[in-house]
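Everything on this sheet refers to the single structure shown next.
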Amino acid sequence: MEYEVVIGLEIHLELQTQSKLFCSCSTSFGKEPNTNCCPVCLGLPGSLPVFNRKAIELAVTAALALNSSVQLNSRFDRKNYHYPDLPKAYQVSQYEKPIALGGCLELEIDDQVKKVNLERVHLEEEAGKLIHSGDSIIGSDYSKVDYNRAGIPLLEIVTKPDLCSGHEARLFLEELRMLLLYSGASDCKMEEGSLRCDANISLRPMGSKQLGTKAEVKNMNSFKAVEMALNYEAERQRQILISGGSVIQQTCHWDEEEKVTVPLRSKEGSSDYRYFPEPDLLPLLLEEKEVNIIKSVLPESPMDRRLRFQKEYGLAKSEASLFTSNRPLGEYFEIVALKYKDYSNLARWIQGDYLYQLREAGKSESALEPDKLVELLNLLDNGDINRPVAKELLAEMVRSGESPSRLVNEKGLKQISGHDMLLPLVEKVINENPDAVNNYLGGKEKALKFLIGQVMALSGGRADPGEVKKMLISKIAE
Amino acid sequence: MAIDFRKDVEHVAKLARLELTKTEKETMAGQLSDILDTARRIQELDTEGIEPTSHVIDFPATMREDEVGASLPLNRVLQNAPKRDNDFFRVPRIAKSGNDGQ
Amino acid sequence: MELYQKTVFELSRLMNSREVSSVEVTQSFLDRIKEVEPHVRAFITHTPSMALETASLVDKKRLNGDNLHPLAGVPLAIKDNISTGGLRTTCASKILENYIPPYDATVFKLIKQVGMPLLGKTNMDEFAMGSSTENSAFFTTRNPWDLEKVPGGSSGGSAVAVSTGMAPLALGSDTGGSIRQPASFCGLYGLRPTYGRVSRYGLIAFASSLDQIGPFAMNPADCALLLELLAGHDPLDSTSYPGKVPGYVSSMEERLDGMKVGVIKHSNEKGFDPEIKDAVTKIANLLEKEGFAIDQVEMPRTDYGLGAYYLIAPSEASSNLGRYDGVRYGFNGGGDNIENMFSRTRGEGFGPEVKRRIMIGTYALSAGYYDAYYLKAMKVRTLIRQDYETAFKKFDILIGPTTPTPAFKIGEKADDPLEMYLSDICNITDALAGVPSLSVPAGMHSNNMPFGLQFTAPPFCEGRLFNVANYIYRNRDPLLPERPPASFRKGGTE
Ligand SMILES: [Mg+2]
Ligand SMILES: [Zn+2]
């Protein structure tokens, strides 16, 4: 029997606020343990939560970017469970009335647009961090707790089971990450744990409408890990089903070393979260007006940007994609494009030599004043310099910020062109290299290349190699 | 119909992370059954179409601006910690020892 | 007359005119504590040196000519569930026996700001769960009118401290009667403010949607003065009311002619003491003579208050008390893995009543029971609020007994939690509705125990309560003792 894979994702994102969701402790990463803590985020007896306005704005921003429908009346509930990283023994989260419902994200898979639907988007607080004395939870005699992270605002995004492979899951996450980076809601740094993903995965006979028994996969710490873990888990379940067995519902960990999913012992009695409305927080009432303001300043989505770059500038899809995924580079392109209209030439230069030189010099995408790049390209287009010189100049310009025309004048790099200018050089080379001339006449094309090289060297690289070639051929033929 | 809490005591105590002695469990089962029987009298009231009250106040929630304020000094964060390991709180092993799991 | 016997207004006047210093005032109360405390045991923690330090600081400021609050230099006692930074705050529980909060409750901050010397932290039922102060993990506080009787609870220690003159004022907390019931049992004024009127920040939570901090005092004016200090918006408590605080004291003498008083008719008054019922009629008659309009008011759904309360409060409590797990603060019961450490810490650290309520609450919120218990109770809460709304359309103020009986004997109800819960029967619905309610001493029972009546007003109308209480205070029988007898008697009615 053929099986199809059904995957739903649960993504947790840390929102990009300065202070925590319910207290004014800093959210900054990598601080000394337990130094970003106060009575509220330590859950000290008597402390109370107060909303961070910005966290709510960012949650609305992200929800709008995801086409999720923002609820003007949402509510916070307590999710009760005991774990040492959870200071109050409950997580303040949204259960019955989340801040946004539904939504979708479109992504391109093999030239097809696929719509992945969302279940909901909600706000909740982050837990602290456990550090185990051994290599893993299981092997450790004791653990240490750092509450710096506790209380950082988290956005949870739950998809419908609309994905059908590890690859799709990865593409979805990449698109989601870009979208949320664009929206400014989160910095989406998976390596700092500000973007995390759990997955529910099950198999069902091809064409069946019913969902099979699922496994929950956790601890996937990169997009690549998500793809590998889900492919591994799909194959594991397929083998069980093919051999007539049945999958049991369980939670597993992705083991990054061994590249396998390992079942976790279920947390005893922890599945009954006893949700109830958080009495310390009043319902979250938003006004349509506020939501509309956020909507009106919502940045363009990556998908829209890609399409616009193709349409407006006539760029290739790959170029549009690069200028979208590298947002500052795309922005630089657009600024230069205001003054330089050969867009495809511009795109080639920016994604090629310019980007290369930036990396070499370790500089940011907007390192070179846009006007200087325009000037350089104009010099080239007008034949004032040749292409190799232009490349060299660009490197110099990125390094020093010099203007190209000044460099050309200073170093005398102006292209040497025209019969009169080049003739003495061509004649000199022919006269001084009779062997090469003879070889060329004898049919050796290589000899011509040598002669061109000699002329170029004499010109200090400033001659137009095409013109030199033409002149050499006709001169030797004389 | 009276409520028999006896069968639930074990489960509820586990959920609440409360270690109870045998005697405590027995006493508690009886007392809780009585209390819940009384509490259950509210079932007599018709609440069809009634919204639940989780807050008695109807002014909007207070918000704060996203500004970083002072956190507690580390020594005060840790001053009440029953077990410490340098600047961390220390807890015993997370996984259960032995083979008492499911 | 000793200083400790004077009203707060009188003390404030004497200090202002520099006839006495705050140190002298404070010392008078400290001496009184020395004398009385061994008999009644109202305090968990005594802070005499801290009190004198604050007092002498206030005295210095006064000599400097600084502009001082009327309460500057007036000492007070605070219930031990209100966080006092740097000073042990136990909630009368083994689990917090050595807990030292690293921060101040907002009310304590206000008290420090105006310079009120803190005399100590008072005994209570563990985590404010109880009606007799017998549930303290440390010791039982005794009723000063009869040492074999309970002072009421959970704020028993605060009530006793004020009624015996060990403190001129005290703070308590009221979740379902914990200020008013002990005020009634000990013969003094105790106010439960409107939910949201006083910041809860730093009050160790029992049931968050019900808890309120409130004052104990020997007369309405002192009570009003302390509320004026405590009340107001707190940016650290998002359920605190942003509205202005009225001048309770300045409007205290206003006449309330023509105001309508509703006498609450309880549908089940079986356990109600006839003398207390008579007192309601007597006071209603007095008010009628003063120009009030009196009528009966029925509140049909309040009968279900007890059932709703004993689901809602324990549910919230079960969640609020989850944090006592031996990781960050408090008692740690040991154990070789996290699960048995949690269970041992909580099993050994909490007393029986707290465990009972955690069990009820956990059960009421758990899968399969939520709708029938917790959700149903919240809907009943809506109906109860509606009863109040209806009543307040017709009446400006409601009156009824604070407690069905005067104080009962220590141990009398200790083994029967349901009987104990019934002693709060008159207090619970006000709390569920979130409305303010003031217990006013209403006379002496023939068994020589005091008892109170309770006035209830619409939300944020505490001023009205003080005004009405003032009528009763002015018309009080001068022959009845205001304070318990100077020699503490044990048992019997003599
Ligand atoms: Mg979550
Ligand atoms: Zn904090």
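Using protein heavy atoms only (no ligands, DNA or RNA), what is the total accessible area buried between B and C, 1.4 Å probe, nearest 100 Å²? Walk me through the numbers before you get to the answer.
Details: alone 10540 and 19040 Å², together 24100 Å².
Separately minus together, B and C give about 5500 Å² buried.
Give the residue from C:Thr54, B:Ala70, C:Ala77 lying farthest towards the positive end of the charge dipole for the protein assembly as shown; charges sit on Cβ (+1 for Lys and Arg, -1 for Asp and Glu) and the dipole is referred to the Cα centre.
Highest projection toward the positive end goes to C:Thr54.
With 27 Å as the limit, write out which pairs from B:Lys22/C:Lys270; A:Lys97/C:Lys376; A:Lys115/A:Lys224 have Cα-Cα distances beyond it, or answer none. Numbers along the way, then the final one.
Working: B:Lys22/C:Lys270 37 Å; A:Lys97/C:Lys376 19 Å; A:Lys115/A:Lys224 21 Å.
Distance filter (> 27 Å) returns B:Lys22/C:Lys270.
From other protein chains only, count the Cβ atoms within 10 Å of every residue's Cβ in C:301-310, then give the mean.
On the way: counts 2, 0, 4, 6, 1, 4, 11, 5, 2, 5.
Counting other chains' Cβ atoms within 10 Å and averaging over C:301-310 gives 4.
In debye, nearest 20: dipole of the stretch C:89-150 around its Cα centre with unit charges on the Cβ of K, R (+) and D, E (-)? It would help to have the intermediate numbers written out before the result.
Numbers: 6 positive and 7 negative charges, 56 e Å.
In debye, rounded to 20, the stretch C:89-150 gives about 280.
What's the long-distance tail for the stretch C:1-123, i.e. % of Cα pairs beyond 18 Å?
Numbers: 3896 of 7503 pairs.
Of the Cα pairs, 52 percent sit more than 18 Å apart.
If I model a spin label as a point 7 Å beyond the Cα along the Cα-Cβ vector, how far apart are those points for A:Lys363 and C:Lys282 in nm?
Calculated label separation equals 9.5 nm.
Starting from the amide H of C:Ala205, placed 1.01 Å from N in the peptide plane, find each other amide H under 5 Å away whose residue is 5 or more places distant or on another chain.
Long-range HN contacts for C:Ala205: A:Gly46.
In the protein assembly as shown, with Lys and Arg counted as +1 and Asp and Glu as -1 at Cβ, which of these residues, C:Ser238, C:Pro168, C:Leu286, has the Cα nearest the positive end of the dipole, that is, farthest along it?
Toward the positive end, the furthest listed residue is C:Pro168.
Work out the length of the dipole vector of the stretch A:140-250 about its Cα centre, built from +1 on the beta-carbon of each Lys and Arg and -1 on the beta-carbon of each Asp and Glu, and round it to the nearest 20 debye. All intermediate terms of the calculation are to be shown ahead of the outcome.
On the way: 14 positive and 15 negative charges, 71 e Å.
Computed about the Cα centre, the dipole is about 340 debye.
Classify the stretch A:344-478 as rounded, prolate or oblate from the Cα gyration tensor: take a ≥ b ≥ c as the square roots of its eigenvalues, call it rounded if a/c is under 1.5, otherwise prolate when a/b beats b/c and oblate if not. Intermediate results must be reported in sequence, preceding the final value.
On the way: a/c = 2.89, a/b = 2.34, b/c = 1.24.
It comes out prolate by the Cα gyration axes.
Under 37 °C and 0.692 mPa s, how fast does chain C diffuse according to Stokes-Einstein, given a Kirkwood radius computed over C-alpha pairs? Answer in µm²/s, whole number. Write out the running numbers ahead of the final one.
On the way: Rh = 22.4 Å.
Once the numbers are plugged in, D ends up at 146 µm²/s.
Share of antiparallel DSSP beta bridges in chain A, in percent to the nearest 5? List each step's numbers first, then the result.
On the way: 55 of 60 bridges.
Within chain A, antiparallel bridges account for around 90 percent of the total.
Chains B and A: buried accessible surface, both sides, probe 1.4 Å, rounded to 100 Å²? Let's see the in-between values first.
Numbers: alone 10540 and 24670 Å², together 31240 Å².
Roughly 4000 Å² of accessible surface disappears when B and A pair.
Given a 1.4 Å probe, how much area per residue of the stretch A:419-477 is accessible, in Å²?
On the way: 3520 Å² over 59 residues.
Per residue, the stretch A:419-477 has an accessible area of 60 Å².
Quick one: Karplus J couplings for the stretch B:50-67, per residue in order, coefficients 6.51, -1.76, 1.60, θ = phi - 60°, nearest Hz, x for Gly and Pro?
So the Karplus estimates, Gly and Pro as x, are 8, 6, x, 9, 9, 9, 8, 10, 10, 8, x, 4, 6, 10, 10, 7, 7, 10 Hz.
Per the 1.4 Å probe, what fraction of the accessible area of the stretch A:3-295, in percent, lies on carbon and sulfur atoms?
47 percent
Could you go through the stretch C:309-326 in sequence order and give the Karplus-derived ³J(HN,Hα) for each residue, using 6.51 cos²θ - 1.76 cosθ + 1.60 with θ = phi - 60°, rounded to whole Hz, and x for Gly and Pro?
4, 7, 10, 5, 4, x, 4, 4, 4, 4, 7, 4, 8, x, 6, 7, 10, x
So what's the back-of-envelope 222 nm ellipticity for the protein assembly as shown, counting only DSSP H runs of four-plus at -39500 (n - 2.57) apiece and dividing by all residues, rounded to 500?
-11500 deg cm²/dmol
For the stretch A:337-473, which whole-number percentage of the solvent-accessible area (1.4 Å probe, protein heavy atoms only) is attributable to carbon and sulfur atoms? Kindly include the intermediate steps, with their values, before the conclusion.
Numbers: 3660 of 7440 Å².
Carbon plus sulfur share of accessible area: 49 percent.
Students often forget the sequence filter, so: which lysines lie under 23 Å Cα-Cα from C:Lys394 once same-chain residues fewer than 8 apart are removed?
Cα-Cα hits under 23 Å: C:Lys260, C:Lys265, C:Lys277, C:Lys282, C:Lys289.
Evaluate the Debye formula for chain B with equal point scatterers sitting on the alpha carbons, no solvent, and hand back log10 of I(q)/I(0) at q = 0.10, 0.19 Å⁻¹, in q order, two decimals.
Per q value, in the given order, log10 I(q)/I(0) is -0.73, -1.02.
Where does each of C:Asp31, C:Asp146, A:Asp435, A:Asp187 land when they are ordered by accessible area, with a 1.4 Å probe and the largest first? Don't skip to the answer; put the middle values down first.
Details: C:Asp31 75, C:Asp146 0, A:Asp435 110, A:Asp187 40 Å².
In descending accessible area the options line up as A:Asp435, C:Asp31, A:Asp187, C:Asp146.
Taking the convex hull of the alpha carbon atoms in the stretch C:304-377, what volume per residue do you get, in Å³? If you can, show how the numbers build up before the last one.
Working: hull volume 6.2 nm³, N = 74.
It is 83 Å³ per residue.
Just how large is the dipole of the stretch A:302-411 about the Cα centre, in debye to the nearest 20, putting +1 at every Lys and Arg Cβ and -1 at every Asp and Glu Cβ?
Numbers: 17 positive and 18 negative charges, 79 e Å.
Charge dipole of the stretch A:302-411: 380 debye, to the nearest 20.
Pull up all non-local amide H partners of C:Val20: gap of 5 or more, or a different chain, and H-to-H distance under 5 Å with H placed in the peptide plane.
Here C:Met15 satisfy the definition.
Give, to the nearest whole percent, the P(r) tail of chain A beyond 38 angstrom, counting all Cα pairs.
Working: 51674 of 114003 pairs.
Tail of the P(r) past 38 Å holds 45 percent of the pairs.
Give, in nm to one decimal, the length gained when the segment between A:Asp420 and A:Ile242 is fully stretched (0.36 nm per residue of separation minus the Cα-Cα distance). Please report the intermediate quantities before stating the final value.
Values: separation 178, 0.36 × 178 = 64.08 nm, distance 8.11 nm.
That works out to 56.0 nm of additional length.
Evaluate peptide A:129-137: per residue, the Cβ atoms of other protein chains within 10 Å of its Cβ; return the mean as an integer. Intermediate results must be reported in sequence, preceding the final value.
Values: counts 1, 5, 2, 3, 3, 1, 0, 2, 3.
Counting other chains' Cβ atoms within 10 Å and averaging over A:129-137 gives 2.
Run down the lysines and flag those whose C-alpha is under 21 Å from the C-alpha of A:Lys372, throwing out any fewer than 8 positions away in its chain.
Cα-Cα hits under 21 Å: A:Lys339, A:Lys341, A:Lys363, A:Lys391, A:Lys411, A:Lys414.
What are the ³J(HN,Hα) values, in whole Hz, obtained from phi via the Karplus relation 6.51 cos²θ - 1.76 cosθ + 1.60 with θ = phi - 60°, for each residue of the stretch A:154-169 in sequence order, with x given for Gly and Pro?
10, 10, 9, 10, 10, 8, 6, x, 9, 9, 10, 6, x, 4, 4, 4
Post the alpha-carbon centroid distance, the stretch A:102-177 to the stretch C:178-227, in whole angstrom.
Answer, in whole Å: 46.
Positive end of the dipole of the stretch A:419-477, charges at C-beta (+1 Lys, Arg; -1 Asp, Glu), about the Cα centre: which of A:Ser474, A:Gly443, A:Ile430 has its Cα farthest in that direction?
Looking along the dipole axis, the top candidate is A:Gly443.
Per-residue Cβ counts within 10 Å, from other chains only, averaged over A:87-96: what number is that?
So the per-residue partner count for this stretch is 3.
On average, how much accessible surface per residue is there in the stretch A:302-411, in Å², for a 1.4 Å probe, leaving out ligands, DNA and RNA?
It amounts to 49 Å² per residue over the stretch A:302-411.
Can you give the accessible area of B:His11 in Å² (nearest 10), computed on protein heavy atoms with a 1.4 Å probe?
Counting only protein heavy atoms, the figure is 100 Å².
Going by amide H atoms built from the backbone, whose H comes under 5 Å of the H on A:Ala100, apart from near neighbours?
A:Gln71, A:Val121
Can you list, bin by bin at 10 Å, the percent of alpha carbon pairs in the protein assembly as shown, starting at 0?
Cα pair-distance distribution for the protein assembly as shown, in percent: 2, 9, 16, 18, 16, 11, 9, 7, 5, 3, 2, 2, 1, 0, 0.
The values are calculated or read from the model by the stated rules, or taken from the named source; none is laboratory data. Note that the structure is a prediction, hence the values are computed from the model and not measured. All Cβ positions, glycine included, derive from the backbone under ideal geometry; neighbour counts span all protein chains shown. Each accessible area value is taken on the protein alone, full model and side chains, heavy atoms only, with ligands, DNA and RNA left out. Shrake-Rupley method; radii C 1.70, N 1.55, O 1.52, S 1.80 Å.
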